[in-house]
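The values are calculated or read from the model by the stated rules, or taken from the named source; none is laboratory data. What you see is a predicted model; the values in this text were computed from it and never measured. Quick reminder, even Gly has a Cβ in these numbers, built from the backbone with ideal geometry, and neighbours come from all protein chains shown. Ligands, DNA and RNA are excluded from the accessible area calculation, which covers all protein heavy atoms including side chains. Shrake-Rupley method; radii C 1.70, N 1.55, O 1.52, S 1.80 Å.
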Amino acid sequence: QVQLVESGGGLVQPGGSLRLSCAASGSIFRLYAMGWYRQAPGKQRDMVARITSDGSTTYRDPVKGRFTISRDNAKNTVYLQMNTLKPDDTAVYYCNADVSPAILKPMQTYWGQGTSVTVSS
């Protein structure tokens, strides 16, 4: 089994910054792409940013230039640095990882429990 634990959410004023972290643990043979998704109240869950195992990144248009995704492969951890936050960024942020749990086992996708981010004055 694989666990993803997020941290770093909270309340921040517009224009402020937050850094989210997500650590993967458990039965991990190989960790592939990792990503951050978010879900605002009454809306669907959308991809925010993703990063491959070799560091290639993809961002959703509304966060380009403001958010930066990175990862520490030695720690099986992915980060999301969020700058110039806006009220529209308010959502529950979920970590996501594609993991092969053992040799010859197929890749599976795992999700964290989510961390809440509120941008408000």
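Are any of the residues in region 19-30 under 15 Å from residue 80 (Cα atoms) and in contact with a helix residue (DSSP H, G or I) (Cβ under 9 Å, 6 or more places away or on another chain)? Even if it seems obvious, please write down each step before you answer.
Step one: list which residues in region 19-30 are under 15 Å from residue 80 (Cα atoms), which gives 19-24.
Then drop every residue that is not in contact with a helix residue (DSSP H, G or I) (Cβ under 9 Å, 6 or more places away or on another chain), which leaves none.
Within region 19-30, none of the residues are under 15 Å from residue 80 (Cα atoms) and in contact with a helix residue (DSSP H, G or I) (Cβ under 9 Å, 6 or more places away or on another chain).
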Which residue out of 103, 28, 51 is touching a Pro at 6+ places or on another chain (Cβ under 9 Å) and of a type in the set (Val, Ile, Thr)? 28
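Do we find a residue being open to solvent by less than 80 Å² (accessible area, probe 1.4 Å), in contact (Cβ under 8 Å) with a residue 40 or more places away in the chain and among the basic types (Lys, Arg) anywhere in region 4-19?
If we filter region 4-19 for residues that are open to solvent by less than 80 Å² (accessible area, probe 1.4 Å), which is where we start, we get 4, 6-10, 12, 14-18.
Cutting the leftovers down to in contact (Cβ under 8 Å) with a residue 40 or more places away in the chain gives us 4, 6-10, 12, 14-18.
Remaining after also requiring among the basic types (Lys, Arg): none.
Scanning region 4-19 turns up no residue that is open to solvent by less than 80 Å² (accessible area, probe 1.4 Å), in contact (Cβ under 8 Å) with a residue 40 or more places away in the chain and among the basic types (Lys, Arg).
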Sort out which residues of region 63-87 are farther than 12 Å from residue 18 by Cα, open to solvent by 80 Å² or more (accessible area, probe 1.4 Å) and either in contact (Cβ under 8 Å) with a residue 40 or more places away in the chain or hydroxyl-bearing (Ser, Thr, Tyr) (or both), and write them in order of number. 73, 75
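Quick check on my filter: what residues within region 92-110 are in a strand (DSSP E or B) and either under 13 Å from residue 27 (Cβ atoms) or in contact with a Cys (Cβ under 7 Å, 6 or more places away or on another chain) (or both)?
Across region 92-110, the qualifying residues are 95, 97, 99, 100, 108, 110.
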Among (1) free of Cβ contacts under 8 Å to residues at least 12 places away in the same chain; (2) closer than 23 Å to residue 1 by Cα, where does residue 52 come up short? (1)
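With the structure loaded, tell me whether residue 51 is within 12 Å of the chain's Cα centre (by Cα) and β-branched (Val, Ile, Thr) or whether it fails that test. Before you say what the answer is, go through the steps one by one.
Working: within 12 Å of the chain's Cα centre (by Cα): yes; β-branched (Val, Ile, Thr): yes.
Spelling it out, residue 51 is indeed within 12 Å of the chain's Cα centre (by Cα) and β-branched (Val, Ile, Thr).
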Does region 85-109 hold any residues that are in contact with an Asp or Glu (Cβ under 8 Å, 6 or more places away or on another chain) and within 15 Å of residue 4 (Cα to Cα), and which are they? 93, 94, 95, 108, 109
Scan the strands (runs of 3 or more DSSP E) fully inside region 18-91 and keep the ones with 3 or more residues being more than 17 Å from residue 108 (Cα to Cα) and not charged (D, E, K, R). 18-26, 46-51, 57-59, 67-72, 77-82
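Kindly establish whether residue 30 is closer than 14 Å to residue 114 by Cα, open to solvent by 60 Å² or more (accessible area, probe 1.4 Å), over 11 Å from the mean Cα position of the chain (by Cα) and touching a residue at least 24 places away in the same chain (Cβ under 8 Å).
So residue 30 fails the test.
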